[in-house]
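The structure appears right after this line, and notes come after that.
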Amino acid sequence: MTAPTPAGPVTEPVAEAVSGPARGPASRSRSRWPAVTLGIGAVAVLTGGLLSAFAPSLAVFYGLPPAGWQLSAALPAARVLAYGAAAAGVGQLLLAAVLVPGRPGDVVSPAGYAGLRAARWCALVQAVASVTVAVLTVVENGVVPAGGLGQRGSALLLGLQQIEPATGWLLGGLVALVVAGLAGWVLSWRGAVGLVPLALGALLPVSLTAATNAERSHDIAGDALALHVLGAVLWLGSALATAGHLARRGERPAVVLRRHAAISTWSLVLVGASGVVSSAYAVAPADLLSSGFGRLVLLSAVLLGALALVGNRVRALAARPAGPASAAGLLTLELVLLGAAAALGTGLARLVPPAELGYETSRYIYLIGFDLPDAFHPVDLLLRCRLDLVFGPLAVLGAVLYAVAVRKPRADAEPWPRRYAAAWFAGCAVLLLATSSGLGSYAPAMFSAHMVQHMLLATLAPALLVLGHGSTLARRVAGPGTGRRLASLLGSPATALASNPVLAWAAVAATLFGLYPTGLYAAVLQEHWAHLAMNAAFFGTGLALFWSILGKGLGRRALPPIGQLVMIFAVMALHAGFAAWLLAQPVPVAAGFYGSLRLPFVPDLLADQRLGAILGWGLGELPVILAVLALVLRWSRDDGPVSPARTPAPASPGTPPSPPSGPPWQTWRGTVAVRTASPRPATSRTPGSPPPSP
C-alpha cells in the first residue's frame, strides 16, 4: 500500500485559488490588489531614489570622485527594491507559517501553499536587487568605473571581497537564492516555519556590514540597525500578507487580523527602541532642527507615531466580529506609512550625521568601537557595564516570560519545581553578565576576558537554562493548539539533528579548534559582526550539547545513563585538550590585534593568554560538575519509591485500560496500544451457534 502524497489535499484547493470562481466583486478586488501593491512599491522606490539623488554624495565625503546623479539615484532605488522584495517574501512565508498555518506535522494550508510559491519569486527579486546593490557599491567606492564593469572583472571581484557593505549585500543575495530554492520545494508547515528565520537571516549580512553612521559605539549602532531592519521588514511583510489575504476574501480573516496585530505590536516595540538608540548616536538633540539629518529623524518619529495610532486601531478592529470588513483602509494606510518610513530610512543612510562631522577617532574606538580607561581593576568586570542589544534584552525577556508562565494559574497541574525556576533565572543572569556587564566591555580587548565570556556562554549559561526546562514549561502553559504545534516542532527532523549528542559535541569542538588554531579568530577579530557571530555560535552549540544530555521532551529517546556519563566525560576531555593547547602556545593568539591595542594593563600578551586558558578550563568544568549532580539527583528520584498519589488505581474487571498520560508527542503511541488491547465489541448470535473467530 502506497503512502498518501501531500499533492492530494493541496493541489485541488490551490488550483481553485489560482483559477478562481466566476468574475465578481471578490475577483475584481483580487485583480486590483496587485496594482495597489505595485503602486505602493513604486512610490517607495521613487521616493527613496529622489531623497538620495539630491543628497550629498558619500564618495565626496570620503575624498573620492563624485559618483554622479545616476548612480546616486540607482543605488538607493535598488536598496529599496531589495528591502521591499524581502518584506514581501517574509510576509508570504508568514502567511504559510503563522497567519494561515496548516495542521501541525502536515502540509501547509492552500493559502500557505500559494504564499510559498509567491515567496519564491520575491526571494529571486531580492537576490537580483542585492547583487545589483553590491556591484553599485563597488562602483561608488571608485574601485571600478561605471562604464568599465565588463573590462575590469578582476577589480570588481576584489572590490566585492574587500568592501564590507558590498560583501554583505552579496552574501544576502546568496541566502535569498537559497530561500527561493527551498520555497519551491517545501510543503510542510514545519518547513515553512523554518524558512521564516532563514529569510530574515538574509538581511543580517546586509545590516551588520553596513556603514552605521557612527564611529563611536559602532557596535551598539550596528546592532540597533540590524534590529531596526528586522523589525521593519517583519512588520511590512505581515501587513502586505494580511492586506492581500483580506482582499482575496481568504479564510479566517478575523484570526489573520488578530495575528497581524500581535506581530505589528512586537515590531513596533523593536523598531521604536532600536530607532531611538540609532538616532541617539547619530544626532544630538540640539541638531534635530538645524540639520537635514535631524529633520529626517523627526519626520521618521512622526511616521512611527502615526503607525502606532494605526496599529492601535487595527488591534481594536481585530477584537470585533466585523473588524476585518472595515480594516482594508487602515491596512492600506499602514502600508503607505511603512513605505514612506522605508524611503526615509534609505535617505538617512545616504546622509552624514552631524555627530560625525569633524570627529577624529581614537585607536580604541577604531579597533573595538569604544574607549577603555588606562587603569584596570577586577571590579571593572562587574561595574563597567555596556548593554549588548542582542543578548541583553534576550536574557531579560526570557526571565520575564518564564516568570509569567510560572505564575499562570493551572488547576490541573502540580506546582512548578522551584529548582527549575532557580536554574532558569540563574542562566538568564549569567547570560546578561557575560554580554552586558564589564566582562562584555573588556572581552573584545583582553584575551583572558574573552575566554571567560566564551566559557560562560558555551557552558554555564546553557547548562542552567536546560536545567530550567523552559520548553516543558512552555508546553505546560500553552493552549491545546499551540501545544500541538510546539510538540510538532520538537519532534521535527531538524530538532532531532540539533539535539544529537555526537553532532552537538562535534559542533562545540569546531568552535574551539576550528576558530583559534586555524587563524580565523585573528582574521575576523576587528569586526563587530564577528564578535556577535562567535557569541551566537558559542551559546547555540552549548545549548544543543547540554540539551542532548540533560534535556527532557526532545521528541526522541533520551540517552541511557551510561551514554550521559560518556558525553559528560567527552566534554571534560574537550575543554582540557583545548586548555592544554592554549598553554603550550609559544606566541599569543591574534598577537597583531592585541598588540595594536597597546593596553597599559596588559603588558604581557602571552601571560594574559595563559591566564585565560586556566580561567576558561576552570569555568568549563563547573557546568560539567553541575550536570553530574543533576543526573545523580534525577537517577535517585527515578529509582526511589513511587508516591501513593502517583500510583494508578486498579481497574475494575472488564474496563479497558485508560490511555497513558504524558506529553502530546507521546500520546499517539499510547492510543495505538489502547486500541490494540481494547476488547472486541460483543456481537449478537443465536443460541448454539459457534462463537465468532478472533
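What follows is calculated from the coordinates using simple rules that are stated; it is not laboratory data. All figures in this text were calculated on a predicted structure; none of them were measured in a lab. Here the Cβ is made from the backbone with ideal geometry for all residues, glycine too, and neighbour counts use every protein chain on show.
Label sites at Thr518 and Trp266, each approximated as a point 7 angstrom past Cα along Cα to Cβ, lie 3.3 nm apart.
If the label point is 7 Å along Cα→Cβ of Leu383, which residues in region 426-447 have backbone nitrogen under 14 Å from it? Flagged as within label range: 438-439. Along the Cα-to-Cβ line of Leu304, 7 Å from the Cα, sits a label point; which residues in region 325-339 have backbone N less than 15 Å from it? Hits in region 325-339 for Leu304 at 15 Å: 338. Label zone of Ala273 (point 7 Å out along Cα→Cβ, amide N under 19 Å): in region 367-406 this covers 385-405. Here region 237-318 has an Rg and Dmax of 16.2, 51 Å, counting Cα atoms alone.
The stretch between Arg363 and Glu251 holds 34.4 nm of extra length on full extension. This uses 0.36 nm per residue minus the Cα-Cα distance. Once the C-beta distance of Ala494 and Ala155 is scaled by a Förster radius of 30 Å, the resulting FRET efficiency is 0.15 to the nearest 0.05.
Here the gap between Leu565 and Ala280, fully extended at 0.36 nm per residue and compared with their Cα-Cα distance, gives a gain of 97.5 nm.
Per-residue Karplus couplings for region 524-534, computed as 6.51 cos²θ - 1.76 cosθ + 1.60 with θ equal to phi - 60°, are listed in order as 10, 5, 6, 8, 5, 4, 5, 4, 5, 5, 5 Hz, Gly and Pro entered as x.
Each label point was placed 7 Å from the Cα along the Cα-to-Cβ direction; for Val502 and Leu397 their separation is 3.6 nm.
Whole-Hz Karplus values for region 78-92 come out as 5, 5, 4, 5, 5, 5, x, 5, 5, 5, 5, x, 4, x, 5 Hz, taken residue by residue from phi with 6.51 cos²θ - 1.76 cosθ + 1.60 and θ = phi - 60°; glycine and proline positions read x.
The HN-Hα couplings worked out from phi for region 617-632 by the Karplus form 6.51 cos²θ - 1.76 cosθ + 1.60 (θ = phi - 60°) are 4, x, 5, x, 7, 4, x, 5, 4, 4, 5, 4, 4, 5, 5, 4 Hz, whole numbers, x standing for Gly and Pro.
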